[in-house]
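The values are calculated or read from the model by the stated rules, or taken from the named source; none is laboratory data. Nothing here was measured: the structure is a model prediction, and the numbers come from that model.
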Amino acid sequence: MEFKKAVGGVRTYQYFEPWHPVERGKVQTILEAGRLASRAVNTAFSKAIVAYRDSLSVEERELFKTPLSAALFDVAPVVIFWYYDMDARRQAVEEKKWPTVASGTLVGIRALGPPHGWSHRYVQQV
């Protein structure tokens, strides 16, 4: 399914209606698109936090504002904060979801081959 078809028409801050709540299904669709998006070594680095304007206190909303986002925070009914888990790479290596040179996996699948000086023995010595 195409992203625009799933989420709906293109919206900008000039056209949305801040008094109307955003449907849960649309928020879920955006989160699913982020989860399914292509990423390096299929490791889930990106995480999201969904904040509904009405569930935040005035003090909390003020803390999140920056010079570029202040107007949007005042009117947007939902804000999705995307951040990146910097520990995801280490976990992927430990769980062997991410082949590294040290694990020997790249030599085993011949991504690093003998013509370039790679062998299991060399990897274990390095």
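Just need a number here: residues in the range 62-81 that are in a helix (DSSP H, G or I) and at pLDDT 90 or above.
So in the range 62-81, the residues in a helix (DSSP H, G or I) come out as 62-64, 70-75.
Imposing the further condition that a residue be at pLDDT 90 or above reduces the set to none.
Here the count works out to 0.
Looking at Glu32, Glu59, which one is outside any loop (DSSP other than H, G, I, E, B), more than 22 Å from the chain's Cα centre (by Cα) and at pLDDT 90 or above? Explain how you work it out, then say what you get.
Working: Glu32 fails: more than 22 Å from the chain's Cα centre (by Cα).
Exactly one residue qualifies, and that residue is Glu59.
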